[in-house]
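S.K.: The structure follows.
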Amino acid sequence: MNQGEPAMPNPARTDEHEARIAGLLGRMTVEEKFGQLQQLAWAWNTGPGGGSTGAVEAAARKGLLGSVLNVVGAANSNAVQRIAVEESRLGIPLVFGLDVIHGFHTTFPIPLAQAAAFDPEVTRTDGEVSAAEARSNGIHWTFSPMVDVTHEPRWGRIAESPGEDPYLAARYAVAKVHGYQGDDLSAPDRVAACAKHFAAYGGAEGGRDYNTVDVSEQRLRNLYLPPFEAAVEAGAATVMAAFNTVSGVPAHANPRTLTGVLKDGWGFDGVVVSDWTGVQELIAHGSAADEAEAGRLALSAGVDLEMVSTTFVDHGPALLERGELSRERLDDAVARVLRLKLRLGLFERPYVEVSAEITAPGVGARAAAREVAGRCMVLLKNDGGALPLDATALRTLAVLGPFADSGDLLGTWALPGAPEAVPVLRSLREALPHAVVTHAPGVPADGSDVSGLPEAVATATAADAVVLVVGEPSEISGEAAVRSDLGLPGHQEELIRAVAATGTPCVVVLVGGRPLTIGDWADQVQAVVMAWHPGIEAGPAVADVLTGAVVPGGKLPVTFPRTVGQVPLYYNHERTGRPYDPAVPEEKYVSKYLDVQDGPRFPFGYGLSYTTFDLGEPALSRERISVRELREGATVEVTVRVRNTGDRDGEEVVQLYVRDPAASIVRPVRQLRGFQRVRLAAGEERAVRFTVGAEDIGFWTNDPAGVFTLEPGEIHLHTGNSSHARAHRTLRIT
Ligand code: NOJ
């Protein structure tokens, strides 16, 4: 990674912390040590002691609990904390975790949308706002960022991910970690980050959640691991294990990934937390015979803290007694949990200030969410300049579709109680005070009811222009929300066709948590905007883009296929011996489908603007460089000129891809290695520079020991404004 901000080091280890950890370890009983390795869920883990929270309180009182998830609110968290600090023998504070994925009160666009901004600053902003809101509510730790690269739009969790590219994902991982953590985890507006799910969770076969992942060494290291390594380098305080197997071994019981790669290889000294009951699930995986074995396998492999299931506390002491667990591993795991608490400043300030609790989205937070949502939107089609809407000429605008007057635009992982999104209808009415804005939903988001179609058609017919807001409800994206069909649910496509047939100019705003298959309906409308699930300020952000107050500049962080049968379809695929050649479409014995046009509907990196840009040929600072020079840190500069050729100001994402035409293992057809979103006034021209070094050119081999190689030969450096970037120069590696 070279184009981003400098990575901050791991939160520094301090002698003072290590001395306090050693002192505590010396005073703890074996049971108290295992207790620190237990995380229970508030209002979920039930047990004796009173109500659904009894088990949590009882364990905290006995000093047999390290962490709690899902306690929310300053008063609640202080009350539970008080039990641990004031009533347990050693008074070790608890660390409170929560899934603050893209917002706490202020829901930002889903992470996949944020990746579409091709601007890591947006995710840093989300991180900062979310951290301040969460910490003031007693949350110390978020289970985010999710940095799982994936080629699977069927997988619901693609909504939480940064998409299909490891370089883009790594840049986002760094920015999100910095946004959450800043440079002082003990600050009252910071939370610890958690890079998840380690590792290769995005590779689930068929996109079916929790499914098998069988991955070659080179894919693991070149595709799935880079964002994790970047997050760890940026100082991510914690990492979460994944539910899947990694080539036959469940990630929770995988010493090679958890200890070999993460802890020993990258020097990670933070906490590895299991996923929810992930340790116990080793039994269902068929890797452990019983709970004791599950606990032994996970702890020995490198899991430090067990979420929800209780195999460590229940069986740890006996395993230790029998010599089936090492004392060093136990102490190391406890030290990691204590180190996190020390870094968070919990021993000094275990409680939060109730009077400083943020109880609702602030004006500034809302403004940030609105700006970010606008930056995430991707203009997929805009025939004849249908957008932006001409506010002066528009007398009647019909705003149709099941999501037009809907607050269900927050997306997956919006926290319970988070305010609903501002509906698009309301915001368009505010943005177009001189127009009559009419509305009819037409059809519901799903189901078979088409009784509203005639009213929608009549409303469209009577209008000068139509905005159709259609897509996926939040509940069918996210965890365990897998689809085998990527089309618009219910009768929404029929609605679009019927409305388009009226002849009224029609703009489609798509909402959703994944790439959707965009059928022939797109040929019948004038413009299509991918708005994703835009979050709390959905309406204002959509209105900003439709009226031109914001010029769209987002790009797709994931390939949009033509049909679900093409999946997996991704730009950075490895080369084949028989590639499809568009110049010879009749050739049969090539890698293609018989019944669908080759290639994606929209490629990775694609997105239009209300203005146009011209990109020149790339120029290199040097045309040869040796392997030795690269190893010593030498770099090559790639410069490309970009000009705004239209009559509006706008932003273009200039992208750099590398291609290795001949290597010891087959390399992807191209790989993103740089991007810059640049703002250019109408007519303005600018040079954009990228720096290419060893890590952009080399690759990990299939050697299980982890070998990163640089090979002599040619490297093609492509620049452009999508993954179809054609212009290139050759760099010779000697
Ligand atoms: C399961 C999910 O896989 C994980 O991402 C999340 O952090 C935990 N549940 C806790 O809610």
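S.K.: Sort out which residues of region 709-729 are open to solvent by 30 Å² or more (accessible area, probe 1.4 Å) and within 26 Å of the chain's Cα centre (by Cα), and write them in order of number.
M.R.: N721, H724
S.K.: So, of the residues in region 42-68 that are within 16 Å of the ligand (Cβ to nearest atom) and at pLDDT 95 or above, which turns out to be surrounded by the fewest Cβ atoms within 10 Å (Cβ to Cβ)?
M.R.: Among those that are within 16 Å of the ligand (Cβ to nearest atom) and at pLDDT 95 or above, it is S67.
S.K.: If only one of A462, A421, A480 is closer than 25 Å to G163 by Cα and surrounded by fewer than 19 Cβ atoms within 10 Å (Cβ to Cβ), which one is it?
M.R.: The unique qualifying residue is A480.
S.K.: What's the number of the condition V213 fails, among (1) within 15 Å of the ligand (Cβ to nearest atom); (2) assigned to a helix (DSSP H, G or I); (3) hydrophobic (A, V, I, L, M, F, W, C)?
M.R.: With (1) within 15 Å of the ligand (Cβ to nearest atom); (2) assigned to a helix (DSSP H, G or I); (3) hydrophobic (A, V, I, L, M, F, W, C) applied to V213, the lone miss is (2).
S.K.: Now a separate question. Scan region 427-443 residue by residue and report those that are buried (at least 17 other Cβ atoms within 10 Å of the Cβ) and in contact (Cβ under 8 Å) with a residue 40 or more places away in the chain. Show your work before the answer.
M.R.: Within region 427-443, the subset buried (at least 17 other Cβ atoms within 10 Å of the Cβ) is 427-429, 431-432, 435, 437-443.
Matches in region 427-443: S427, L428, A431, L432, A435, V437, T438, H439, A440, P441, G442, V443.
S.K.: How about region 692-706: which of its residues are surrounded by 14 or more Cβ atoms within 10 Å (Cβ to Cβ), more than 15 Å from P668 (Cβ to Cβ) and aliphatic (A, V, I, L, M)?
M.R.: If the condition is that a residue be surrounded by 14 or more Cβ atoms within 10 Å (Cβ to Cβ), more than 15 Å from P668 (Cβ to Cβ) and aliphatic (A, V, I, L, M), then V692, A694 are the ones that fit.
S.K.: Determine which single condition V467 fails, assuming it passes every other condition in (1) out of contact with any Ser or Thr (no Cβ under 8 Å at 6 or more places or on another chain); (2) farther than 22 Å from V558 by Cβ; (3) outside any strand (DSSP E or B).
M.R.: Exception for V467: condition (3).
S.K.: Applying the selection to region 6-31, what residues are small (G, A, S) and at pLDDT below 85?
M.R.: A7, A12 - these are the residues of region 6-31 that are small (G, A, S) and at pLDDT below 85.
S.K.: V654 fails exactly one of the following numbered conditions: (1) open to solvent by less than 20 Å² (accessible area, probe 1.4 Å); (2) closer than 30 Å to G265 by Cβ. What is the number of that condition?
M.R.: In the conditions (1) open to solvent by less than 20 Å² (accessible area, probe 1.4 Å); (2) closer than 30 Å to G265 by Cβ, V654 misses (2) alone.
S.K.: Still on this structure, please answer the following. Can you tell me which of (1) over 12 Å from the mean Cα position of the chain (by Cα); (2) more than 16 Å from the ligand (Cβ to nearest atom); (3) touching a residue at least 60 places away in the same chain (Cβ under 8 Å) is the one Q114 doesn't meet?
M.R.: It is condition (1) that Q114 fails.
S.K.: I've got another one for you. If I go through region 93-107 residue by residue, how many of them are open to solvent by 10 Å² or more (accessible area, probe 1.4 Å) and within 14 Å of A59 (Cβ to Cβ)?
M.R.: 0
S.K.: Take the residues of region 576-617 that are touching a residue at least 40 places away in the same chain (Cβ under 8 Å) and hydrophobic (A, V, I, L, M, F, W, C): which is surrounded by the most Cβ atoms within 10 Å (Cβ to Cβ)?
M.R.: Looking at the filtered set, the residue picked out is F604.
S.K.: Given (1) touching a residue at least 60 places away in the same chain (Cβ under 8 Å); (2) open to solvent by less than 10 Å² (accessible area, probe 1.4 Å), where does T142 come up short, assuming only one miss?
M.R.: Condition (1) is where T142 drops out.
S.K.: Kindly state which helices (runs of 4 or more DSSP H) lie completely within region 291-384 and contain at least 3 residues that are free of Cβ contacts under 8 Å to residues at least 60 places away in the same chain, surrounded by 21 or more Cβ atoms within 10 Å (Cβ to Cβ) and of a type in the set (S, T, Y).
M.R.: Working: elements: 291-301, 311-321, 327-343, 363-376.
Filter on region 291-384 gives an empty set.
S.K.: Moving to a separate point now. So, in region 465-480, of the ones that are more than 16 Å from H491 (Cα to Cα) and charged (D, E, K, R), which residue ends up nearest to the ligand (Cβ to nearest atom)?
M.R.: E479
S.K.: Read through the list (1) outside the structural domain of R729 (by TED's automatic domain parsing); (2) out of contact with any Pro (no Cβ under 9 Å at 6 or more places or on another chain); (3) over 22 Å from L379 (Cα atoms); (4) open to solvent by less than 40 Å² (accessible area, probe 1.4 Å), then give the number of the only condition that L620 fails.
M.R.: Condition not satisfied by L620: (1).
S.K.: Which is under 17 Å from the mean Cα position of the chain (by Cα) and surrounded by 21 or more Cβ atoms within 10 Å (Cβ to Cβ), of G179, G235?
M.R.: Checking each option against the conditions leaves just G179.
S.K.: Assess whether F198 counts as being of a type outside the set (S, T, Y), within 14 Å of the ligand (Cβ to nearest atom), under 26 Å from T701 (Cα atoms) and open to solvent by 10 Å² or more (accessible area, probe 1.4 Å).
M.R.: It is false that F198 is of a type outside the set (S, T, Y), within 14 Å of the ligand (Cβ to nearest atom), under 26 Å from T701 (Cα atoms) and open to solvent by 10 Å² or more (accessible area, probe 1.4 Å).
S.K.: Now for a different question. Among the numbered criteria (1) surrounded by fewer than 24 Cβ atoms within 10 Å (Cβ to Cβ); (2) within 16 Å of the ligand (Cβ to nearest atom); (3) basic (K, R), which single criterion is violated by R219?
M.R.: All conditions pass for R219, except number (2).
S.K.: Just name the residue that is nearest to the ligand (Cβ to nearest atom) out of those in region 179-195 that are under 24 Å from D304 (Cα atoms) and assigned to a helix (DSSP H, G or I).
M.R.: Checked region 179-195; the qualifying residue nearest to the ligand (Cβ to nearest atom) is Y180.
S.K.: Consider region 225-262. How many of its residues are of a type outside the set (S, T, N, Q) and within 16 Å of the ligand (Cβ to nearest atom)?
M.R.: Matching residues across region 225-262 total 14.
The values are calculated or read from the model by the stated rules, or taken from the named source; none is laboratory data. All of these numbers come straight from a predicted model, not from anything done at the bench. Counting neighbours? That spans all protein chains shown, and the Cβs are built from the backbone with ideal geometry, glycine included. Ligands, DNA and RNA are excluded from the accessible area calculation, which covers all protein heavy atoms including side chains. Shrake-Rupley method; radii C 1.70, N 1.55, O 1.52, S 1.80 Å.
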